[in-house]
1. Quick test for you: out of B:23, B:57, B:62, B:47, pick the one residue that is surrounded by fewer than 15 Cβ atoms within 10 Å (Cβ to Cβ), touching a residue at least 40 places away in the same chain (Cβ under 8 Å) and outside the structural domain of residue B:101 (by TED's automatic domain parsing).
2. Report the residue count in segment A:214-243 for those that are within 13 Å of chain B (Cβ to nearest Cβ) and either among the aromatic types (Phe, Trp, Tyr) or closer than 11 Å to residue A:25 by Cβ (or both).
3. Residues A:186, A:136, A:149, A:141: which one is of a type outside the set (S, T, N, Q) and within 14 Å of chain B (Cβ to nearest Cβ)?
4. Taking segment A:166-176 as the region of interest, how many residues are touching a residue at least 12 places away in the same chain (Cβ under 8 Å) and at the interface with chain B (Cβ under 9 Å from one of its Cβ atoms)?
5. Taking segment B:4-20 as the search range and keeping residues that are buried (at least 17 other Cβ atoms within 10 Å of the Cβ) and not hydrophobic (A, V, I, L, M, F, W, C), which one is modelled with the highest pLDDT?
6. Starting from segment B:186-198, keep only residues that are acidic (Asp, Glu), then list their pairs with residues that are part of a loop (DSSP other than H, G, I, E, B) whose Cβ atoms are within a distance under 9 Å, requiring at least 6 positions of separation or different chains.
7. Quick check on my filter: what residues within segment B:1-59 are β-branched (Val, Ile, Thr) and under 18 Å from residue B:196 (Cα atoms)?
Amino acid sequence: MNPFDLLIAPFVDFEFMRRALGGTALLTLSACPVGIFLMLRRMSLSGDAMAHAILPGTAVGFLVSGLSLLPMSLGGIVAGMAVALASGAVSRSTIQKEDASLAAFYLISLALGVLLISLKGSSIDLMHVLFGSVLALNNEALLLIGGIAFVTIAALSVMWRGLVAECLDPLFLRSVSRAGPYVHLAFLMLVVLNLVGGFQALGTLLAVGLMVLPAAAARFWTRRLETMCALAVGFGLISNLIGLLVSYHLSVASGPAIVLTAGALYGLSLVFGRHGLFARRPTWRHRAA
Amino acid sequence: MNPLLTFQDLILGYDGHPAVHHLDGVVEAGSLTAIVGPNGSGKSTLLQGIVGMLRPLGGRILRAETLEGDIAYLPQLTEIDRSFPASVFDLVALGLWKRRGMLWHISPADREEIDLALAAVGLDGFQRRGIDTLSGGQLQRALFARVLLQDARLILLDEPFNAIDTKTVRDLFGVIRRWHGEGRAILVVLHDLDLVREFFPTTLLLARRPIAWGETREVLKAENMMKARQLNQGWDEHAPWCERSDAA
């Protein structure tokens with residue numbers, strides 16, 4: 001098999017492959033920077049929990065109008081935001097910390113979502129919702145993902161400083177501005193939006209993979225925030241490409257192939273990254289000051 | 001008399017329990033005041049109330065109209081995430097927030113101002129250092145640079161010299177005196193009474209209730225100190241509701 005057949009031909013020959021590549025690329029552009037902030041705020045697991053929380057919303061959409069994109073996405077956004085707000089409110093007004101309340105809410109949501117889908121759908125529908133179908137992105141889905149990417153990038157560039165301040169020194173931000181809670185809220189909204197964007201392609205369970213894994217990998221290479229975001233996007237794009245090709249040639253599920261590729265990049269970064277496992281080798285020389 | 005802050009029968013606290021009990025008094029523009037008292041006597045709580053992060057349980061804080069938000073606050077326990085990928089420059093640049101808001105781009109003039117602030121606290125050349133590599137003293141210097149940049153008329157410092165070596169204390173004290181010379185009002189929570197006696201014209205002695213507020217030498221008299229220690233009794237979960245309503 002020559003390199004053209006291996007790398008290029010699948011995308012030339014099949015429109016669904018091009019759509020998959022384009023859709024995941026758009027998703028990566030917005031989800032990876034969001035993932036960086038998620039990681040830096042130590043909320044990676046919260047992201048995972050919120051991804052589960054989207055499920056009952058999409059399930060209600062599915063119950064109402066079958067496997068159609070808009071109702072399911074809208075349901076997902078509403079459910080995701082509701083869980084994010086509820087867990088935030090619980091942690092502020094009770095002794096329970098945010099992680100514990102998120103865990104409680106997402107377990108309830110996951111069970112509720114699966115139950116709702118099983119009311120009407122088959123196990124194939126359930127698989128579709130849980131693990132997505134990146135090879136079946138229609139125009140509607142591409143438009144939705146594109147819109148989410150645009151909104152996310154615009155919002156991130158507007159509130160970049162606020163987000164940095166809220167991560168770096170929240171107490172300081174509180175002393176000079178009332179923007180902190182709103183920035184946090186807007187950020188949660190972006191997380192939910194990107195998870196909903198990802199669910200069509202990767203499913204509710206794996207959507208968070210493209211958000212968290214490239215971000216975690218990028219952390220091993222740089223200490224500059226901007227570079228970290230760019231690197232995460234790069235890792236994400238590579239994961240999409242390799243994952244789709246692997247899935248095409250080996251006939252394996254595409255969503256998991258993409259996320260596993262991102263996982264492999266994470267593993268490589270963990271071992272070989274500039275701030276990874278081998279970075280702490282002893283140096284034989286030291287500077288004079 | 002040019003009051004920047006006026007406390008009127010001010011009560012601050014948590015869950016209904018007062019940490020600052022019936023405080024009256026005035027912070028003058030350009031004054032340099034030490035706040036002293038035993039642990040748990042309401043010093044940090046008072047500063048939080050002044051910044052507006054804590055709402056009074058009773059009484060009022062009147063802020064001069066000209067003061068509107070022009071307050072720099074350096075808390076005792078900062079919530080700075082030292083693992084966040086930010087440089088000293090990024091941290092200090094936050095000080096421009098009030099003047100520039102969320103949507104600003106750092107101009108060459110801003111950059112110059114930040115460099116000057118860093119030089120003033122002895123951190124010249126630290127601009128690109130990651131904040132995870134700073135020592136406790138260096139971090140405190142950087143935070144002073146940030147306060148410097150905030151260019152506020154009222155500066156609140158909560159135990160700024162905790163766990164900091166004498167050289168750094170001396171340098172940072174130079175910065176405080178410079179602020180005093182520029183006519184800014186400064187409130188500093190301190191435990192080192194020698195430092196208070198040496199440098200602060202006025203002192204507020206708190207033990208939840210204000211014990212004394214005035215000229216430092218008068219306030220730090222032995223009988224006042226004794227009273228402060230006695231008054232600062234332990235926490236009583238079921239303390240009766242305070243019946244005092246006058247503002248004496």
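The values are calculated or read from the model by the stated rules, or taken from the named source; none is laboratory data. Remember, it's a predicted structure, so these values are computed and weren't measured experimentally. In this analysis, Cβ positions are derived from the backbone assuming ideal geometry, glycine residues included, and neighbour counts consider all displayed protein chains.
1. Values: B:23 fails: surrounded by fewer than 15 Cβ atoms within 10 Å (Cβ to Cβ); B:57 fails: surrounded by fewer than 15 Cβ atoms within 10 Å (Cβ to Cβ); B:47 fails: surrounded by fewer than 15 Cβ atoms within 10 Å (Cβ to Cβ).
Being surrounded by fewer than 15 Cβ atoms within 10 Å (Cβ to Cβ), touching a residue at least 40 places away in the same chain (Cβ under 8 Å) and outside the structural domain of residue B:101 (by TED's automatic domain parsing) holds for just one of B:23, B:57, B:62, B:47, which is B:62.
2. 2
3. Values: A:136 fails: within 14 Å of chain B (Cβ to nearest Cβ); A:149 fails: within 14 Å of chain B (Cβ to nearest Cβ); A:141 fails: within 14 Å of chain B (Cβ to nearest Cβ).
The unique qualifying residue is A:186.
4. Within segment A:166-176, the subset touching a residue at least 12 places away in the same chain (Cβ under 8 Å) is A:166-167.
Checking the rest, the ones that are also at the interface with chain B (Cβ under 9 Å from one of its Cβ atoms) come to A:167.
Here the count works out to 1.
5. Residues of segment B:4-20 that are buried (at least 17 other Cβ atoms within 10 Å of the Cβ), as a first pass: B:4-5, B:7, B:9-13, B:18-20.
Narrowing further to those that are not hydrophobic (A, V, I, L, M, F, W, C): B:9, B:13, B:18.
Numbers: B:9: 91, B:13: 88, B:18: 82.
Within segment B:4-20, the match that is modelled with the highest pLDDT is B:9.
6. Close Cβ pairs satisfying both conditions: B:192/B:161.
7. Pass one, segment B:1-59, residues β-branched (Val, Ile, Thr): B:6, B:11, B:20, B:26-27, B:33, B:35-36, B:45, B:50-51.
Passing the criteria: B:27, B:33, B:35, B:36.
Rundown of residues vs (1) surrounded by 24 or more Cβ atoms within 10 Å (Cβ to Cβ); (2) touching a His at 6+ places or on another chain (Cβ under 7 Å); (3) within 14 Å of chain B (Cβ to nearest Cβ), yes/no style:
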residue	(1), (2), (3)
A:36	yes, no, yes
A:41	no, no, yes
A:48	no, no, no
A:51	yes, no, no
A:60	no, no, no
A:64	no, no, no
A:69	no, no, no
